[in-house]
Amino acid sequence: MKLVKAIIKPFKLEEVKEALADIGIEGMTVTEVKGFGRQKGHTEIYRGSEYTVDFLPKVMVEIVVDDADAEKTSDAIVKAAKTGKIGDGKVFIIPVETAIRIRTDESGAEAL
Amino acid sequence: MKIKKTLLALLLSSSAFLLAGTVGAQELPVAEAAEAVADAVSFEDGYAAFMDSPGAAFFTISNLWLLISAALVFIMHLGFATVESGLSQAKNTVNILFKNVFIISMGILTYALWGFNAMYPGFAEGSAGVFAMGSWFDVDASVAMMTAEYADYTWYTDFIFQAMFAATAATIVSGAVAERVKLSSFMIFATLLVMFAYPITGSWQWGGGWLSARGFYDFAGSSLVHGFGGFAALACVIVLGPRAGKYVNGQIRPILGHSMPLATIGVFLLFLGWFGFNGGSVLNADPYLVSLVFVTTALAAAGGAIGSIITSWLFLKKPDLSMALNGILAGLVGITAGADSIMPFWAIITGLIAGVLVVFSIIFFDKIKIDDPVGAISVHGVCGIFGTLAVALFSDAAGFGIQLIGTLSVGAFAFVFGLIVFGLLKVVMGVRVSPEEEAEGLDIGEHGQEAYPDFGTARTR
């Protein structure tokens, strides 16, 4: 099993979710995060004082899939989340040791 | 009026004597005679006779208007609570709300216990008009106190209207010291400020004291409420120090307010309440004066907003919402001394100038490391002085000299009171939370509660 972890621009979430549904992936966990890579932040001003905001809002999508599905999942995300502009984000694929469904105690691939 | 006031003072002294634990006043023989006179016609009969008379109509409407105004001034406390919490961090929200709940409760109670009579004592002929003792406010119902013999409103209306004003002085301070003040020290200071200091300066003008004797003019309290609160706040902030991390390496680091919607709600509530604050200060339902005051109040608020918007857009690069909000308040504070004497055109000018002033004042105080999270010192202190002087500049109600003397004396008194009392509190019990508590948030430290538990506590520094 693999954990496909993607950091994407927040407004792309709906598109990514639909792209995953199209390839048969229906479960995922989504977190609001902040971060930056090589995309610089911007300057804001509050009551006369300027400050730099480095951390930009992003959304993190996490899906655990069978090894065989990892690549097509990642491809779907990359295609849906791409805008071509800086700050599009990244996808990571991480090995998963095991998975358990809490309701039924199933484990392994049946739990996905 | 004078005989009534003297009788009143005597009646009050004897009432106070009966109440254990308040000011020790002596039962005077004249008081008993006065009570005997009042007893001759019963209150019920006298009151009924009055309500049948032609004067009852205007009295009833005026009294009602004053009561509505009291309710409007009351809602300003919700305005203060929301504007202060909106401009502060989420982790301190409960603390700010709590302080505001305490202030309105303590304010009304201490005003009843002491302040009302200390502020409106009826200074005796020849007295310096500087200080009077307070006492429990309630009186036996009488024609003298509950009909047009007293004023265009009853004694109770007078009390409740003025009581709502009293607490606003303390809430001005609560904004300036937010996010690092120790709750217990603040509660003690606010109580002393509202109970003792506010009635003293109030008596100088509205209680017939030395300022009113010299022609000072402060219609609804640019100096007596706002200047007073603003300069007490300044003293407290000096004693307290800035928030941790605010001024670092010669730089001013912004500490963002957590809810602009709350702050905006607050300012609109304050604007609404100001119709009662100024409108009720006419002290009756006179159609010309009350309508004039509504107009000047609204025009000054609008002028203030535009003044701040233009100023912040030109000098601070972007139109800052929090500055626009402060601008509305600045305009309102600015017109408060002269809402019934400054004509509409000049009311706009007054507001515009206040709106410009407040932006520069906020920047200035940050530059000299006076940390005021909500701009209270600038809105109320600086614009309070300006508003008082505006009476001389834009109307003929008073001369510049006495306005300057009046506003500076009130401000100085509040400032010195703040320095001494808050300074003493600092020595005796400390006025500031620990650095750890300040970092974690006063909601957890002082109250063991979170304002937004589902979202998780913001531990931003």
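The values are calculated or read from the model by the stated rules, or taken from the named source; none is laboratory data. In this text, all values refer to a predicted model and were calculated from it rather than measured experimentally. Neighbour counts run over all protein chains shown; Cβ positions are idealised from the backbone, glycine included.
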For B:THR296, which of the numbered conditions (1) farther than 29 Å from B:ALA151 by Cβ; (2) among the polar types (S, T, N, Q); (3) free of Cβ contacts under 8 Å to residues at least 60 places away in the same chain fails to hold? (1)
Select from the range B:370-419 the residues that are closer than 24 Å to B:GLY241 by Cβ and hydroxyl-bearing (Ser, Thr, Tyr) and list them in ascending order. B:SER378
Can we say A:ASP66 is in contact with a helix residue (DSSP H, G or I) (Cβ under 8 Å, 6 or more places away or on another chain), of a type outside the set (S, T, N, Q), loosely packed, with under 13 Cβ neighbours inside 10 Å and more than 14 Å from chain B (Cβ to nearest Cβ)? yes
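Could we say that B:ILE385 is among the β-branched types (Val, Ile, Thr) and surrounded by fewer than 24 Cβ atoms within 10 Å (Cβ to Cβ) here?
Against the criterion (among the β-branched types (Val, Ile, Thr) and surrounded by fewer than 24 Cβ atoms within 10 Å (Cβ to Cβ)), B:ILE385 does not qualify.
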Selection within the range B:331-374 - away from chain A (no Cβ under 14 Å) and assigned to a loop (DSSP other than H, G, I, E, B): B:THR336, B:ALA337, B:GLY338, B:ALA339, B:ASP340, B:SER341, B:ILE342, B:MET343
Surrounded by fewer than 23 Cβ atoms within 10 Å (Cβ to Cβ) and within 25 Å of B:PHE275 (Cβ to Cβ): is that true of B:TRP206 in this structure? yes
Tell me yes or no: at least one residue of the range A:1-10 is away from chain B (no Cβ under 14 Å) and part of a helix (DSSP H, G or I). yes
Pick out the one residue from A:GLU32, A:GLU26 that is over 30 Å from B:ILE363 (Cβ atoms), among the acidic types (Asp, Glu), within 13 Å of the chain's Cα centre (by Cα) and exposed (fewer than 15 other Cβ atoms within 10 Å of the Cβ). A:GLU32
Checked the range A:29-53 for anything more than 14 Å from chain B (Cβ to nearest Cβ) and outside any strand (DSSP E or B); matches are A:PHE36, A:GLY37, A:ARG38, A:GLN39, A:LYS40, A:GLY41
Checking the conditions here, which among B:VAL290, B:VAL282, B:VAL295, B:VAL379 is touching a helix residue (DSSP H, G or I) at 6+ places or on another chain (Cβ under 6 Å), within 14 Å of another protein chain (Cβ to nearest Cβ) and modelled with pLDDT of 95 or more? B:VAL379
I'm trying to understand the selection: among the residues of the range B:250-272, which are within 12 Å of B:LEU87 (Cβ to Cβ) and of a type in the set (S, T, N, Q)? B:SER259, B:THR264
Among the residues of the range B:57-66, is any at pLDDT 95 or above and within 30 Å of B:ALA178 (Cβ to Cβ)? no
Could you check, for the range B:91-103, whether at least one of its residues is out of contact with any helix residue (DSSP H, G or I) (no Cβ under 6 Å at 6 or more places or on another chain), among the charged types (D, E, K, R) and either outside the structural domain of B:ILE200 (by TED's automatic domain parsing) or touching a residue at least 40 places away in the same chain (Cβ under 8 Å) (or both)? no
For the range A:91-107, check the following and say yes or no: at least one residue is surrounded by 14 or more Cβ atoms within 10 Å (Cβ to Cβ), more than 14 Å from every other protein chain (Cβ to nearest Cβ), in a strand (DSSP E or B) and at pLDDT 95 or above. yes
Would you mind stating whether B:LEU321 is within 14 Å of chain A (Cβ to nearest Cβ), in contact with a strand residue (DSSP E or B) (Cβ under 7 Å, 6 or more places away or on another chain), among the aliphatic types (A, V, I, L, M) and farther than 23 Å from B:VAL181 by Cβ? no
Residues being surrounded by 22 or more Cβ atoms within 10 Å (Cβ to Cβ), at pLDDT 85 or above and assigned to a loop (DSSP other than H, G, I, E, B): count how many of those fall in the range B:118-131. 1
Please go through the range B:215-265 and give me each residue that is polar (S, T, N, Q), buried (at least 17 other Cβ atoms within 10 Å of the Cβ) and within 14 Å of chain A (Cβ to nearest Cβ), ordered by number. B:SER259
Select from the range B:435-452 the residues that are surrounded by 12 or more Cβ atoms within 10 Å (Cβ to Cβ) and not acidic (Asp, Glu) and list them in ascending order. B:ALA439, B:GLY441, B:LEU442, B:ILE444, B:GLY445, B:HIS447, B:GLN449, B:ALA451, B:TYR452
Which ones in the range B:414-423 are farther than 13 Å from B:HIS226 by Cα and surrounded by 15 or more Cβ atoms within 10 Å (Cβ to Cβ)? B:PHE417, B:GLY418, B:LEU419, B:VAL421, B:PHE422, B:GLY423
Please verify whether A:GLY27 is among the small types (Gly, Ala, Ser) and touching a residue at least 24 places away in the same chain (Cβ under 8 Å), treating the condition exactly as stated. yes
Filtering the range A:2-44 down to residues that are in contact with a Leu (Cβ under 9 Å, 6 or more places away or on another chain) and β-branched (Val, Ile, Thr) yields A:VAL30
Out of the residues in the range B:298-318 that are among the hydroxyl-bearing types (Ser, Thr, Tyr) and over 23 Å from the mean Cα position of the chain (by Cα), which is farthest from the other protein chains (Cβ to nearest Cβ)? B:THR311
